[in-house]
Amino acid sequence: MEIIQSVKNPKVQLWRSLRDAKGRKQSGSFLVEGVRLVREALLSSFPVQEVLLREDFQADPSLTPLLSGGFPVYRLADHVFQSVCDTKTPQGIAAVLSVRTLPLQGGALIALDGIQDPGNLGTIIRTADAAGMNGVLLSPDCADLFSPKVLRAAMGSVFHLGFSFPDQLDRALQNLKEEGFSILSSQLDGEPFFSRRDVHSSFVLVIGNEGNGVSDPVRRIATHRLCLPMAGNAESLNASVAAGIMMYDLMRFPS
């Protein structure tokens, strides 16, 4: 197999552009890095455009069969592969996929209202997947779902959950409310979370922006306004930590 040796190769320039939101939007593609994420991608329903291997990369036996899926496989010189990847020490394998998402299905949803830190966004998505949630709604001012940092923090969960990207989160939540969903707004001035009552089996948990919390239009729609108890001296919790506590408890005892 020919090894691509130059960073000026047109394909390499396209792959490098996928590190930025503009490049992903223009091409309709995104890149995942590392053995675990590539394996998740190849096992998913996402269309794989190509797989990139560093020239010295040797696939382990469990991965080898997945690399014969009818898509091109390219080997790249070390410096070329490094230029494509976002990580400082890439594992030697990456894949380019077409941007798409699974549809929302089920009654346990989380809505993210302006979560801007990629690590928080990815961690919440990963935790939602682990807790058994069905899908995620992302407001327009959230971090980019397909950015490298979000993808790494989510650890493959973008391939498992349904996603929705409403132009106006409050309207989307209003529609779900009219369908019988409880809308749970997490906010510091809310009622005690663990004393909640009358939460429907179909619900949306809303987690707000790291600095400003849940937006006013969304607060007004909420059927429940809830806050985790603070027994110590901390004023608040990290958004992803608070989301994780709430999601796991809601999946055990919705109301």
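Observations
- Only one of the listed residues (Ala243, Ala239, Ala231) is at pLDDT below 95 and either of a type in the set (Gly, Ala, Ser) or surrounded by 21 or more Cβ atoms within 10 Å (Cβ to Cβ) (or both). That residue is Ala231.
- Where strands (runs of 3 or more DSSP E) fall wholly inside the stretch 74-157, the ranges with 2 or more residues that are more than 20 Å from Ser29 (Cβ to Cβ) and touching a residue at least 24 places away in the same chain (Cβ under 8 Å) are 108-113, 135-138.
- Selected residue (only one of Ser62, Ser44, Ser27 is over 20 Å from Ser147 (Cβ atoms) and among the hydroxyl-bearing types (Ser, Thr, Tyr)): Ser62
- Any chance Leu138 is within 16 Å of Ala239 (Cα to Cα) and buried (at least 19 other Cβ atoms within 10 Å of the Cβ): yes
- Test: Asp117 is in contact with a Gly (Cβ under 8 Å, 6 or more places away or on another chain), buried (at least 17 other Cβ atoms within 10 Å of the Cβ), among the acidic types (Asp, Glu) and closer than 30 Å to Asp216 by Cβ: no
- Residue check, Leu205 buried (at least 20 other Cβ atoms within 10 Å of the Cβ), of a type outside the set (Ser, Thr, Tyr) and assigned by TED's automatic domain parsing to the domain that holds Gln116: yes
- Where a residue in the stretch 165-191 is under 26 Å from Arg100 (Cβ atoms) and its partner, wherever it lies, is assigned to a loop (DSSP other than H, G, I, E, B), with Cβ under 6 Å and at least six apart: Leu169/Ser139; Ala172/Pro166; Phe181/Ser202
- Of note, Asp56 satisfies the criterion of being free of Cβ contacts under 8 Å to residues at least 60 places away in the same chain, touching a Gly at 6+ places or on another chain (Cβ under 9 Å) and in a loop (DSSP other than H, G, I, E, B).
- Every residue from the stretch 173-194 that is among the aliphatic types (A, V, I, L, M) and within 15 Å of Met247 (Cα to Cα): Ile183, Leu184
- Evaluating Val84 against the criteria (1) crowded, with 16+ Cβ neighbours inside 10 Å; (2) within 30 Å of Asn238 (Cβ to Cβ) leaves one unmet condition, (2).
- A count restricted to the stretch 209-224 and to residues that are of a type outside the set (Ser, Thr, Tyr) and surrounded by 18 or more Cβ atoms within 10 Å (Cβ to Cβ) stands at 8.
- Scanning the stretch 188-233 for residues that are of a type in the set (Gly, Ala, Ser) and either within 21 Å of Gly135 (Cα to Cα) or assigned to a strand (DSSP E or B) (or both) returns Gly190, Ser201, Ser202, Gly208, Gly213, Ser215, Ala222.
The values are calculated or read from the model by the stated rules, or taken from the named source; none is laboratory data. Keep in mind that this is a model prediction, so the values were computed, not measured. Glycine also receives a Cβ, built like all others from the backbone with ideal geometry; neighbour counts cover every protein chain displayed.
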